[in-house]
Amino acid sequence: MWFALNYLASPKKFLYFSSITLPWLTGLFLLLLIYGLFGGLILAPSDAVQGEGFRIIYIHVPCAFLSLFVYAMMTGGAVMGLAFRMKLAFAVMRHSAPLGAGFTFLALLTGSLWGKPMWGTWWLWDARLTSELILLFLYLAIILFQKALARKRSGERATAILVLVGCIDLPIIHYSVYWWNTLHQGATLKLFAPSAIDNSMQYPLLAMIAAFLCYYTIVLFKQIRHELIVKEGYQWKR
């Protein structure tokens, strides 16, 4: 936490840190993406029940995970911005919203494509699907809200408060499959219990999640760097 505070408190430190890490993140992203796609689409065996259709999991699960992770990052940025008045914390919150909306939309889209052959319909008002749709609406509301208040000094603080109010949807999404009787399956990957899939399927899936995390970090860093250098006028020479 103190590491993050140190670099979010100083734009010049962030510019230095991001200039060093971006090339490594880009290389790691490409390696993980290639392995994840090759392992998931070619090497992994077909599912005993769902056949080849299960392979959409290698896009759907990373997008679903990132939809929650990005909002959690926005929540952290909102807390740090409100508590310590850090411009870069607000920047993380601001630039993460469109990325989170994109991941959430892709999670819903790939979920519908997956659900049609498995459930026989494109959409159900299932607890997991409905709470994920609410998350998409939250992202869109935050994007519109921050654009409406872009020229007001209180805009970032008001947006941060809205982000904090909306974070109540995250535990609802995560635990919806346990709290209600839903068609959506439970967690495929588990931290404190054996995963529900074989290692030949699991490792490419973990690689795809890591690749999507790298992609989010790369885009976020680039957008914040652009804001600092072009809009804020910070001079940077490596």
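The values are calculated or read from the model by the stated rules, or taken from the named source; none is laboratory data. Quantities reported herein were computed from a predicted structural model and do not represent experimental measurements. So basically every Cβ, Gly included, is an ideal-geometry build from the backbone, and we count neighbours across all protein chains shown.
I'd like to know if the range 220-233 contains one or more residues that are modelled with pLDDT of 90 or more and under 15 Å from the mean Cα position of the chain (by Cα).
Looking through the range 220-233, at least one residue is modelled with pLDDT of 90 or more and under 15 Å from the mean Cα position of the chain (by Cα).
Only one residue in Ile34, Ile42 is over 22 Å from the mean Cα position of the chain (by Cα) and on the phi < 0 side of the Ramachandran plot. Which one?
On the way: Ile34 fails: over 22 Å from the mean Cα position of the chain (by Cα).
Selected residue: Ile42, the only one of Ile34, Ile42 that is over 22 Å from the mean Cα position of the chain (by Cα) and on the phi < 0 side of the Ramachandran plot.
Scan the range 101-117 and tell me whether some residue there is modelled with pLDDT under 80, surrounded by fewer than 19 Cβ atoms within 10 Å (Cβ to Cβ) and closer than 28 Å to Gly81 by Cα.
No, the range 101-117 contains no residue that is modelled with pLDDT under 80, surrounded by fewer than 19 Cβ atoms within 10 Å (Cβ to Cβ) and closer than 28 Å to Gly81 by Cα.
For a quick check of your reading: which helices (runs of 4 or more DSSP H) sit entirely within the range 1-88 and have at least 1 residues that are at pLDDT 90 or above, closer than 24 Å to His174 by Cα and in contact with a Lys or Arg (Cβ under 9 Å, 6 or more places away or on another chain)? Break it down stepwise before answering.
Details: elements: 2-9, 11-38, 57-84.
Fully inside the range 1-88 and qualifying: 57-84.
Taking Leu144 as meeting all but one of (1) crowded, with 18+ Cβ neighbours inside 10 Å; (2) under 18 Å from Val70 (Cα atoms); (3) of a type in the set (A, V, I, L, M), write down the number of the exception.
If we test Leu144 against (1) crowded, with 18+ Cβ neighbours inside 10 Å; (2) under 18 Å from Val70 (Cα atoms); (3) of a type in the set (A, V, I, L, M), just (1) comes out false.
Of Phe29, Phe105, which residue is of a type in the set (Phe, Trp, Tyr) and touching a residue at least 40 places away in the same chain (Cβ under 8 Å)? Give the steps one after another, and end with the answer.
Values: Phe105 fails: touching a residue at least 40 places away in the same chain (Cβ under 8 Å).
Testing whether each residue is of a type in the set (Phe, Trp, Tyr) and touching a residue at least 40 places away in the same chain (Cβ under 8 Å) leaves just Phe29.
Condition check ((1) within 25 Å of Met201 (Cα to Cα); (2) of a type in the set (Lys, Arg); (3) out of contact with any His (no Cβ under 9 Å at 6 or more places or on another chain)) across all residues:
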site: Phe29; (1), (2), (3): yes, no, yes
site: Leu33; (1), (2), (3): yes, no, yes
site: Ser46; (1), (2), (3): yes, no, yes
site: Ser67; (1), (2), (3): yes, no, yes
site: His95; (1), (2), (3): no, no, yes
site: Phe105; (1), (2), (3): yes, no, yes
site: Gly115; (1), (2), (3): yes, no, no
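Go through the residues of the range 102-121 one by one and say whether even a single one is in contact with a helix residue (DSSP H, G or I) (Cβ under 7 Å, 6 or more places away or on another chain) and closer than 15 Å to Thr217 by Cα.
Yes: one or more hits.
Check Trp123 against each of (1) aromatic (Phe, Trp, Tyr); (2) in contact (Cβ under 8 Å) with a residue 12 or more places away in the chain; (3) over 30 Å from Lys231 (Cβ atoms) and name the one condition it does not meet.
(2)
Count, please, the residues in the range 73-102 that happen to be under 18 Å from Cys63 (Cα atoms) and free of Cβ contacts under 8 Å to residues at least 60 places away in the same chain.
Residues in the range 73-102 being under 18 Å from Cys63 (Cα atoms) and free of Cβ contacts under 8 Å to residues at least 60 places away in the same chain: 6 in total.
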